[in-house]
Amino acid sequence: MAVTELAETLARLKLTVTAAESLTGGLFQNRLCACERASEIYPGGFITYSPEAKTRLLGVSPEILRKKGTVSEETAIAMAKACREALRTDLGLSLTGVGGPGPSEGSAPGTVWIGVADCDSVFARPFLFEGKPQEVLDQAVNTAADLLRAYALDNRDRLAC
């Protein structure tokens, strides 16, 4: 439901979005493509599960990945900014984290960073979700959609690039 509401909101506001997903492996984009108005708002996106893919496809600095890791604010910001710029959309979204069942890079299972970029700014927020890996992924996707929808509504007067 959250992704459907996001798609309807972005279509109504005439905004476009792309995404770069690591943790969720394309789940956000899959759900977005299932929405009726997806072709109005979504030109495509990226699934960059490995550090090498983040560097090769999005240009995420190997130094960021080495110093901060893939599960970090800096990586989420770089991913959101790069995917938006690559496809020239109004908004870019990134999801990176640890689905579980075990920890990764010193981060607990359920640790998720969600990044949002527009033409002028970029930020990332941390979340900690509980449950089995698929439940973590579902929570991450729904939270990302809700976060992006709220951001678009709060900033609608300045977002079109």
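Observations on the structure shown:
- Rounded D (µm²/s) - the chain, Kirkwood Rh over Cα pairs, Stokes-Einstein at 25 °C, 0.890 mPa s: 161 µm²/s
- Highest mean packing comes first when the peptides 87-95, 50-58 are listed by Cβ atoms within 10 Å, giving 87-95, 50-58.
- Ordering of 73-86, 131-144 by packing is 73-86, 131-144, highest average first (other Cβ atoms within 10 Å, averaged per residue).
- Computed [θ] at 222 nm, helices only, for the chain once each DSSP H run of length n ≥ 4 contributes -39500 (n - 2.57): -13500 deg cm²/dmol
- Reachable aspartates and glutamates from LYS68, criterion Cα separation under 16 angstrom, eight or more residues apart if same chain: GLU52, GLU105
- Between the beta carbons of ASP120 and MET1, assuming R0 = 45 Å, the FRET efficiency works out to 0.90 to the nearest 0.05.
- Nearest-0.05 FRET efficiency for GLU8 and GLU63, computed from C-beta distance (R0 35 Å): 0.30
- When the square roots of the Cα gyration tensor eigenvalues are ordered a ≥ b ≥ c, the ratio a/c for segment 24-79 is 1.5 or more and a/b exceeds b/c, which makes its shape prolate.
Any read-out appearing in this document is the output of simple, stated calculations on the displayed coordinates, not a laboratory observation. Since we're looking at a predicted model, the values are computed, not measured. When we count neighbours, we look across all protein chains shown, and the Cβ atoms used for this are built from the backbone with ideal geometry, even at glycine.
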